[in-house]
Amino acid sequence: MSAPISVLATAAPARFSEANRSSIDVWLTYYDEIVDDGHLFELRKLLSDEEVAQEGRFYFADDRKRYLVTRSMVRTLLSRYAPIAPKHWEFSKNAYGRPMIANSILEARDHLQDLSFNISHTRGLIALAVSRDRDLGIDVEHISRRQICLDIAQRYFAPSEVADLSCVPPARQQDRFFEYWTFKESYIKARSMGLSLPLDGFSFQFPHHRAVRIKIDPELRDDAERWSLWQYRPTTDYLLAICAERGDGAPPCVSMRKFTPLVGEVPLSARHLRSSEPC
């Protein structure tokens, strides 16, 4: 085992400023880049006993590593937004399995009551979205390693989406499928209801190559104008979508950073594909 890495200052979390309440922070961690055993050892120290036990239950080494990095990533990053040490975060799940903050520390109450986050991961990449005063969902897919079956779209997508997909040239169908899929995943995660929402009960339209709109069946009791949408290509292998509440003010803007837990961060300029409105 190599020597543990030096840990950067993380004990004093940065406060989430009022100016940033109109923003959504997206953090991306390419966990394959973490190869040092000492680094992984330090990350494991941040996990709860339950999380350490859960890590050991995964059969495949990649799943164990992804879980370890995901949990340490969430803990270290949330400590940027509230005065809670990474080790001391507590989590629960709602009725649909979505992770939620469960801390009840009085000193941090003002920082926790409007803090929202959502996680997505795929082979090689973990994405975390954080914001204030809004529900949000994020989804990321490794589209070059997954082969889609159009039967899935025909079974679960809205008729308009199936019709559009059938008109796309075969060479583009893989990308178009995941353009729909990531938006759908981000929406059901923003609603915190998972697959209890029927995937054909809402649909996405692309008025032109840079735009997206959502249409929602009245039975889902939601307003399409409530949501802002974005889609990015962090690299050629990955597709990422975000769905977030607009709120009362101006539509939120998205900032993106590449992050390595206990090491640091760098700004990231991902290729912006489309959005529901300009930022």
- Message: Consider segment 134-166. How many of its residues are modelled with pLDDT under 90 and surrounded by 13 or more Cβ atoms within 10 Å (Cβ to Cβ)?
- Response: 4
- Task: May I ask you to list the residues in segment 51-93 that are out of contact with any His (no Cβ under 7 Å at 6 or more places or on another chain), among the polar types (S, T, N, Q) and in a helix (DSSP H, G or I)?
- Result: Gln54, Ser72, Thr76
- Item | Test: residue in segment 9-21 that is at pLDDT 95 or above, within 28 Å of Arg233 (Cβ to Cβ) and crowded, with 18+ Cβ neighbours inside 10 Å | no
- Query: Are any residues in segment 261-279 in a strand (DSSP E or B) and farther than 30 Å from Gln147 by Cβ, and if so, which ones?
  - Reply: Gly264, Glu265, Val266, Pro267
- For segment 187-209, how many residues are within 16 Å of Ser228 (Cβ to Cβ) and either over 21 Å from the mean Cα position of the chain (by Cα) or assigned to a strand (DSSP E or B) (or both)? 5
- Task: Write out, first by first residue and then by second, each pair whose Cβ atoms fall under 7 Å of each other, whose residues are 6+ apart or on separate chains, and whose first residue, in segment 142-160, is free of Cβ contacts under 8 Å to residues at least 60 places away in the same chain while the second is among the acidic types (Asp, Glu).
- Result: Ala153/Glu161; Tyr156/Asp200; Phe157/Asp200; Ala158/Asp200
- Message: So the check is Cβ under 6 Å with 6+ separation or different chains; which pairs have a first residue in segment 81-102 that's closer than 17 Å to Ile138 by Cα and a second one that's part of a strand (DSSP E or B) and among the polar types (S, T, N, Q)?
- Response: Met100/Ser92
- Item | Qualifying positions in segment 228-247 - closer than 18 Å to Asp175 by Cα, touching a Ser or Thr at 6+ places or on another chain (Cβ under 8 Å) and in a strand (DSSP E or B) | Leu229, Trp230, Gln231, Tyr238, Leu239, Leu240, Ala241, Ile242
- Filter segment 37-50 for residues that are out of contact with any helix residue (DSSP H, G or I) (no Cβ under 6 Å at 6 or more places or on another chain) and not in a helix (DSSP H, G or I); the one that is surrounded by the fewest Cβ atoms within 10 Å (Cβ to Cβ) is Lys45
- Of these, Glu185, Glu225, which one is of a type in the set (Asp, Glu) and farther than 23 Å from Arg123 by Cα? Glu225
- Item | Condition broken by Asp114, with the remaining ones in (1) touching a Cys at 6+ places or on another chain (Cβ under 9 Å); (2) over 23 Å from Ala270 (Cα atoms) satisfied | (1)
- Scanning segment 53-102 for residues that are more than 30 Å from Leu197 (Cα to Cα), surrounded by 15 or more Cβ atoms within 10 Å (Cβ to Cβ) and aliphatic (A, V, I, L, M) gives Ala82, Ile84
- Item | All positions within segment 41-80 that are touching a residue at least 24 places away in the same chain (Cβ under 8 Å) and over 22 Å from the mean Cα position of the chain (by Cα) | Phe41, Glu42, Lys45
- Query: Do we find a residue being farther than 22 Å from Trp181 by Cα, loosely packed, with under 15 Cβ neighbours inside 10 Å and touching a Lys or Arg at 6+ places or on another chain (Cβ under 6 Å) anywhere in segment 245-266?
  - Reply: yes
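The values are calculated or read from the model by the stated rules, or taken from the named source; none is laboratory data. Computed from a prediction, not measured in an experiment: that's the story for all the values here. Here the Cβ is made from the backbone with ideal geometry for all residues, glycine too, and neighbour counts use every protein chain on show.
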